[in-house]
Amino acid sequence: MGKWVGNYMRDGNGSLVLIVNKSGVVEVTRISNNGVQEVFYSNLLGGGSGSLNPSTSPTSQFTLYGSLETKSGTWKQQNWNGTWSVTKQ
């Protein structure tokens, strides 16, 4: 459980806020550098690794991959891609 805040970068840039509830549901808020904000949901995979179940935003096709254990990962949005990193608040 908790809140992680950070950024995504490379082909696109912006901010990420990930909030995990006690059931392992992850609320992902993405704010692009041009001010577009969206919220979508993922969940943690089992085994205690902190790995995110890859989840795609239904509106923008932005997909987040990675782990809250490593506090980092990759992202993809159609032909764009890059990396992300967060810190726990």
Relative contact order of the chain: what whole-number percent is it, with Cα pairs under 8 angstrom and at least 6 residues apart? 27 percent
Trypsin sites (Lys or Arg not before Pro) restricted to the chain and DSSP loop, no more than 13 other C-beta within 10 Å: LYS22
Extension gain, LYS88 back to THR70 (0.36 nm per residue minus Cα-Cα distance, nm): 5.4 nm
For LYS3, the aspartates and glutamates lying under 18 Å Cα to Cα, once residues fewer than eight places off in the same chain are dropped, come out as GLU27, GLU38, GLU69
Starting from 0 in steps of 10 Å, tell me what percent of the Cα-Cα pairs of the chain lands in each bin. 18, 59, 21, 1
Environment charge at VAL86 (Cβ cut-off 15 Å; Lys +1, Arg +1, Asp -1, Glu -1): +2
With a probe of 1.4 Å, find how much accessible area region 42-89 has per residue, and write the answer as a whole number in Å². 56 Å²
Accessible area of region 1-80 with a 1.4 Å probe: how many percent of it is carbon plus sulfur? 50 percent
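The values are calculated or read from the model by the stated rules, or taken from the named source; none is laboratory data. As the structure is a prediction and not an experimental result, all values here were calculated from the model. Here Cβ is always computed from backbone atoms with ideal geometry, including for glycine, and neighbour counts include all displayed protein chains. To get the accessible areas, we keep the full protein, side chains included, count just its heavy atoms, and leave off ligands, DNA and RNA. Shrake-Rupley method; radii C 1.70, N 1.55, O 1.52, S 1.80 Å.
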